[in-house]
2 protein chains.
Amino acid sequence: MTSNEAGPPSRYHHGDLRNALLAAGRTLLEEGGPTALSMREIARRVGVSAPAAYHHFSGLDDIAVALAERGFAELAERLQAAPSNAKGQLAPAGMAYVAFARKNPGLYRLMFGEGFHTAFAADDRIRSLRSAAYEVLKAGLSKRLPPDEIGTAALFLWSLTHGLALLMIDGQFDPGADPDALVAAVLRLSGKGLPTSAGSRDHA
Amino acid sequence: MTSNEAGPPSRYHHGDLRNALLAAGRTLLEEGGPTALSMREIARRVGVSAPAAYHHFSGLDDIAVALAERGFAELAERLQAAPSNAKGQLAPAGMAYVAFARKNPGLYRLMFGEGFHTAFAADDRIRSLRSAAYEVLKAGLSKRLPPDEIGTAALFLWSLTHGLALLMIDGQFDPGADPDALVAAVLRLSGKGLPTSAGSRDHA
């Protein structure tokens, strides 16, 4: 901590500095993942003292939660805006979900708690934003399924898109020349299931 | 580092100490996740000096890779042993996969690189063991699907089980009173897909 507790005279209005700190945090997330987040480094990049940053966020957990909040809000917007969502088609929302994770891998990992499991598990804001994103998914399904099947179906779709997104951003398989086509092909299976070959009548 | 470079006279034969170090690492993984791994703490728990531990593992990345290797080998065994896998049914292998992750959450997160993304991305042993586990999954599908559909179907199933396992071990949703029944219901959808309601003829 420097002797100048208030930091240098700020170039920022109050809200602007908060936004600038979040933007710097987001850049760090995409450069090095959730473990790269540091209040000192975020402040340094914005050109303010660490104490000035602590004026906006009580600590690293607090800025991590704020970053994840923005991530969930953006994800919900993307799902809501996915073409054909209103018709009950699933693939457009699934494509939008996986695309969001692939475009923001560090943010996506943070949203699901990487590096901050304890802080996030206890945070009501995260829980309520995650629920809001999930409700968008369920709303799409309500056009297609009876109410008592929506819960299981939503978990099925969330598991599929979450797993596919993480396998892709973690580089767990080679997505080949056309990753978008592969994602679309995998998501199509969520609508029709895996066929049973002639040699086996046993369904899964 | 203590002045006794070789550590106290060991209670262990060579292979036994290696196994004891891995067992201690695994306990640490389940206590605090991948970020809790530390050579010093592993050595302390086994009752040997850190240098004695470094005689078996070149460093933290090395013991993390060895732990993940055992995890992938165990997972492949569980998938192979799943009842009915030989008939081309998918649910038993899916249940075994998710059960493995739920029983060993710290190990499962490590296997997919949490805390060690860089070290694991460069390691051929991890790549080849991951492939071996994946081949067991594909072998089950080969009873059910034509060869040209197996790749997409395997990625679909892996995404679904990986995503479901992580959502569960990360506590992202409330699994209710009977988590096993919920897992089974979600996995059943992989065989039949999501039905289209009468109100919508559009498939995903």
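The values are calculated or read from the model by the stated rules, or taken from the named source; none is laboratory data. For clarity, every value in this text was computed on a predicted model and none was experimentally measured. Note that each Cβ is placed from the backbone with ideal geometry, even for glycine, and that neighbours are counted across all protein chains shown.
Can residue B:156 be described as in the same structural domain as residue B:72 (by TED's automatic domain parsing) and closer than 25 Å to residue A:185 by Cα?
Yes, satisfied.
Suppose the filter is among the acidic types (Asp, Glu) and within 9 Å of chain B (Cβ to nearest Cβ); does residue A:135 pass it?
No: the conditions fail for residue A:135.
Has region B:69-79 got any residue that is over 25 Å from residue A:114 (Cα atoms) and in contact with a Pro (Cβ under 8 Å, 6 or more places away or on another chain)?
For region B:69-79, residues over 25 Å from residue A:114 (Cα atoms) and in contact with a Pro (Cβ under 8 Å, 6 or more places away or on another chain): absent.
Just to be sure, is residue A:110 touching a helix residue (DSSP H, G or I) at 6+ places or on another chain (Cβ under 8 Å), in contact (Cβ under 8 Å) with a residue 40 or more places away in the chain, at the interface with another protein chain (Cβ under 7 Å from one of its Cβ atoms) and on the phi < 0 side of the Ramachandran plot?
no
So, in region B:169-182, exactly how many residues are more than 9 Å from chain A (Cβ to nearest Cβ) and within 17 Å of the chain's Cα centre (by Cα)?
Residues flagged as more than 9 Å from chain A (Cβ to nearest Cβ) and within 17 Å of the chain's Cα centre (by Cα) within region B:169-182 amount to 1.
Could you pull out the residue among A:102, A:188, A:127 that is at the interface with chain B (Cβ under 7 Å from one of its Cβ atoms), surrounded by fewer than 22 Cβ atoms within 10 Å (Cβ to Cβ), out of contact with any Asp or Glu (no Cβ under 8 Å at 6 or more places or on another chain) and assigned to a helix (DSSP H, G or I)? Outline the logic, then answer.
Values: A:102 fails: at the interface with chain B (Cβ under 7 Å from one of its Cβ atoms); A:127 fails: at the interface with chain B (Cβ under 7 Å from one of its Cβ atoms).
The match here is A:188.
Which residues, counting only those in region B:138-157, are facing chain A (nearest Cβ under 7 Å), crowded, with 21+ Cβ neighbours inside 10 Å and in a helix (DSSP H, G or I)?
Matches in region B:138-157: B:153, B:155, B:156.
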